[in-house]
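S.K.: Would you mind keeping the following structure in view while I ask a few things?
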Amino acid sequence: MSDLLRMTGMYSGMDTESIIQQMLKAKAQKVTNLKNDQKKLEWKQTLWQDLNKRIYKLYTGTLSNMRLEGSYAKKKTKVSDPTKATITASEGAVNGSQSLEVKKLAKSGYLTGATVSKQVDGYIPIYNKDTASAPSDGSDTLLASLGVGKGTLTVDAGGTQFNVTVDGTERISDFVTKFNNEAQNAGAQITMSYSEGKITVDGPTSGAGDGSFGFEMSSSPIESGFTKTILQGLGLSNVCAKGDNASGKVTGEAITRKGLIYEEGNFKADSKLSEITKDLVGRRLFLTVGEGKDAKITTIDITSDMTINDFTRKLQEGGVNASFDEKNQRFFISSSGTGKANEFKLEGDKGAHDALLNLGLDMGDDQQEEVIYPNGSKATRIKAQDGEIILNGATFTSDTNTFTVNGLSITANALTEEAISITTETDYDGIYDMIKDFVAEYNDIMNEMTKLYGADSSRKFTMLSEEEKEAMSEDEVEKWEGTIKDSLLRRDKDLNNVMQCMIGAINKGYDIGGKTLYLVNFGIGTAGYFESEKAERNALHIFGDSDDDKFSEKDNDLKAALAEDPEQVISLFTEMSKEMYTSLRKTMDGTDYRSVYKVYDDKRMKIEYDDYTKKIKEAEKKLNAYEDKWYKKFSAMEVALSKLQSSQNSLASMLGQ
């Protein structure tokens with residue numbers, strides 16, 4: 001419609017709007033007809049696009065596969081103990097029986113840290129039976145680390161006196177030796193020994209003879225800068241100090257040294273690492289994931305503001321799973337997958353040993369499986385490992401529990417105590433299912449094409465106008481337009497060509513081993529004309545198949561043929577698939593009006609659609625021009641009438657005067 005300013009029948013009294021619209025009806029209908037024809041062409045394109053998509057899928061998928069004999073080499077396996085392994089066989093698997101042993105299951109690596117604790121200065125036992133191992137049983141501890149400096153120990157053993165002098169540089173073992181030597185030189189009947197963090201003195205017994213009072217010891221004053229006397233440092237101050245009159249064999253208290261005492265922490269995920277100990281700040285840690293040249297190394301620099309969350313995030317970025325358990329105050333780290341390829345270790349630069357110790361993550365240079373920490377907490381480690389099987393005497397490894405060997409996919413579920421057997425054979429049921437799937441896909445396409453080709457005429461169903469649509473329900477409109485859509489490919493030449501291409505390959509006889517065989521020889525064919533719905537008259541049935549509602553009671557000749565002579569069945573379907581594949585390929589060859597891999601003239605339809613767009617534009621332009629022409633004429637008439645009326649009014653006015 002034109003945008004011109006229009007003057008309607010103000011002076012003529014005529015309904016010029018209605019008159020002009022009546023005059024435009026014929027030309028407006030031409031525009032409507034063009035738009036309707038274009039819409040039907042669009043629907044037709046959509047129908048073809050859907051059909052072509054399904055036919056192309058059949059062509060590139062099922063037919064392309066079934067024309068190759070290797071596609072029928074389906075195998076199935078049985079395993080004597082399915083709890084130990086799950087086996088699937090590919091076409092390349094060899095028929096027969098094989099032996100299998102599962103020696104190792106692939107594992108992920110895990111590191112469960114010791115409890116994270118605060119550390120403060122104090123004294124700790126020099127010996128812990130859970131961590132001590134020869135020769136580090138505590139006997140090599142320096143006296144200075146016990147708080148003992150220079151001094152003299154005075155001993156009176158049953159009246160025989162001697163002195164033992166030290167300067168703090170001696171080890172406990174050195175002191176024990178010096179004590180026993182001095183006692184022997186003095187002729188005193190007293191000895192000293194060390195075991196499991198404690199000193200034992202074996203001296204005279206009180207009352208054993210005239211004047212016998214046992215033994216006693218005294219230490220010189222504490223040297224400046226140190227904290228304990230000799231007796232205090234050796235744990236003997238309460239058992240044989242002067243005035244105690246010790247008798248016989250006595251054992252001192254557990255010896256302690258200067259060190260860090262671990263106090264229970266209460267750290268949160270957002271706590272800073274420096275809250276555990278300030279010694280962590282500035283340390284550099286290295287997370288290594290994998291082995292050899294494929295190993296990935298991530299550097300983690302601990303800063304003053306780094307939180308526990310930041311630290312675990314850095315570990316995660318390095319390729320492991322990491323978290324901090326606030327309830328148990330522990331770090332948990334695990335590899336992201338199974339196998340040695342995902343093994344990890346956490347190390348540090350010089351001095352970082354203490355940093356890992358602070359975090360409860362130090363497993364030693366040799367990455368021990370278990371470490372007991374000074375706070376009594378335990379850190380444990382499970383190393384990642386590859387899976388390992390023995391198949392027919394040959395060993396195979398994998399970083400997962402799945403192994404692919406000679407056409408077999410073996411998933412190890414549990415270790416075997418003895419060999420289990422694997423039996424592989426041809427899967428005739430698998431071949432049957434493949435043929436059945438083809439028949440289902442073929443029928444899905446063929447039934448749709450048969451329905452569209454044989455659709456009833458829709459001549460009585462014209463395209464609905466907007467006014468007509470508004471007067472109908474949505475279901476009524478959909479049904480009306482559906483009838484038109486279904487008839488768009490009625491008796492279509494291209495559709496018939498595709499149908500005959502596929503039906504021809506199905507009905508053709510093939511030379512198999514000197515015999516001409518048809519699908520019907522193996523129990524596959526169409527139902528009778530009156531036994532099928534109109535759209536299903538070209539559909540195939542596998543007679544005797546349990547899923548076929550019409551013919552499930554018949555004998556299943558296809559299964560019988562597969563059991564008796566599978567090669568004959570395979571040869572027939574291979575040849576039939578080749579024939580249909582080749583016929584469709586020729587149909588889908590590109591032409592001036594058809595793109596490659598299209599079974600319809602898509603290019604021609606595109607040209608027609610564009611032509612409609614041009615024609616509609618031209619027709620609308622002519623319609624607007626025609627409309628404007630008549631509005632101008634009627635406007636001119638109204639102007640003339642207005643002038644005439646004006647003249648008449650002027651004349652009447654003059655005569656009236």
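S.K.: Would you calculate, for the chain, the mean residue ellipticity at 222 nm contributed by helices, counting each DSSP H stretch of 4 or more residues as -39,500 (n - 2.57) and dividing by all residues, to the nearest 500? Before the final figure, lay out the partial values.
M.R.: Working: 12 runs with 223 residues, N = 657.
Rounded to the nearest 500, it is -11500 deg cm²/dmol.
S.K.: What are the lysines whose alpha-carbon lies under 23 Å from the alpha-carbon of Lys76, with same-chain residues fewer than 8 places away excluded?
M.R.: Of all the lysines, those that pass the test against Lys76 - Cα under 23 Å, at least 8 places apart if same chain - are Lys84, Lys436, Lys559.
S.K.: Can you give the percent of C-alpha pairs in segment 25-167 whose distance is more than 27 Å? Don't skip to the end; give the middle numbers.
M.R.: Values: 7475 of 10153 pairs.
For segment 25-167, the fraction of Cα-Cα distances above 27 Å is 74 percent.
S.K.: Give the distance, in whole Å, between the Cα centre of segment 435-496 and the Cα centre of segment 272-305.
M.R.: Segment 435-496 and segment 272-305 have Cα centres spaced 69 Å from each other.
S.K.: Once both axes come from the Cα atoms, what is the angle between helix 16-57 and the longest principal axis of the chain, in degrees from 0 to 90, rounded to 10?
M.R.: Long axis of 16-57 versus the principal axis of the chain: about 50 degrees.
S.K.: Here's a follow-up. Could you give the dipole magnitude of the chain about its Cα centre, charging the beta-carbon of Lys and Arg +1 and that of Asp and Glu -1, in debye to the nearest 20?
M.R.: Values: 82 positive and 102 negative charges, 647 e Å.
With only Lys, Arg, Asp and Glu charged at Cβ, the dipole is about 3100 debye.
S.K.: Also, I was wondering about something else. Out of segment 434-470, which trypsin sites (Lys or Arg not before Pro) are coil in DSSP terms and have no more than 13 other C-beta atoms within 10 Å? Walk me through the numbers before you get to the answer.
M.R.: Working: sites: Lys436, Lys451, Arg459, Lys460, Lys469; in loops: Arg459, Lys460.
For trypsin sites (Lys or Arg not before Pro) across segment 434-470 that sit outside H, G, I, E and B with at most 13 neighbouring Cβ atoms in 10 Å, the list reads Arg459, Lys460.
S.K.: Mean separation of Cα pairs under 8 Å and 6+ residues apart, divided by the residue count of the chain: what relative contact order is that in percent?
M.R.: Numbers: 1171 pairs, mean separation 135.7, N = 657.
Worked out over the chain, it gives 21 percent.
S.K.: Turning to a different aspect of this structure: Tabulate in residue order the Karplus-calculated ³J(HN,Hα) for segment 466-476, using 6.51 cos²θ - 1.76 cosθ + 1.60 with θ = phi - 60°, rounded to whole Hz; enter x for Gly and Pro.
M.R.: Going residue by residue, I get 5, 5, 5, 5, 5, 8, 10, 7, 4, 5, 5 Hz, with x marking Gly and Pro.
S.K.: So what are the ³J(HN,Hα) numbers for segment 486-492, from phi and the Karplus equation (6.51, -1.76, 1.60; θ = phi - 60°), rounded to whole Hz, Gly and Pro as x?
M.R.: Those phi angles translate into 5, 9, 5, 10, 4, 6, 6 Hz.
S.K.: Going down the list Lys129/Lys198; Lys118/Lys327; Lys25/Lys617; Lys340/Lys383; Lys129/Lys383, which pairs span over 20 Å between their C-alpha atoms?
M.R.: On the way: Lys129/Lys198 12 Å; Lys118/Lys327 16 Å; Lys25/Lys617 17 Å; Lys340/Lys383 8 Å; Lys129/Lys383 26 Å.
Violating the 20 Å limit, Cα to Cα: Lys129/Lys383.
S.K.: Same structure again: Cβ neighbours within 10 Å, averaged per peptide: list 497-508, 290-301, 104-115 in order, most packed at the top.
M.R.: The packing order, highest mean first, is 104-115, 497-508, 290-301.
S.K.: A further question on this structure: Based on the mean of other Cβ atoms within 10 Å per residue, sort peptides 145-154, 510-519 so the most packed one is first.
M.R.: Numbers: 145-154: 19.7, 510-519: 14.0.
Most protected by this proxy first, the peptides run 145-154, 510-519.
S.K.: In terms of modelled amide H atoms, which long-range or inter-chain residues lie less than 5 Å from the amide H of Val405?
M.R.: Distant-sequence amide H within range of Val405: Ile410.
S.K.: Take every Cα pair under 8 Å in segment 127-254 that's 6+ residues apart, average their separations, divide by the length, and report that relative contact order as a whole percent. Display every interim value, and only then the final one.
M.R.: Working: 275 pairs, mean separation 35.3, N = 128.
Reported relative contact order: 28 percent.
S.K.: Shifting gears a bit: What number results when the radius of gyration of the chain, computed over Cα atoms, is divided by 2.2 N^0.38 Å? Mind dumping the intermediate values first?
M.R.: Details: Rg = 50.0 Å, N = 657, 2.2 N^0.38 = 25.9 Å.
Rounded to two decimals, the normalised Rg is 1.93.
S.K.: Further question: Direction-averaged shadow area of the convex hull around the Cα atoms of segment 127-254, nm²? Don't skip to the end; give the middle numbers.
M.R.: Working: hull surface 30.3 nm².
Orientation-averaged projected area of the Cα hull: 7.6 nm².
Rule-based calculations on the coordinates, nothing more; no lab input. Just so you know, these numbers come straight off a predicted model, no measurement behind them. Every residue, glycine among them, receives a Cβ derived from its backbone with ideal geometry; neighbour counts consider all protein chains shown.
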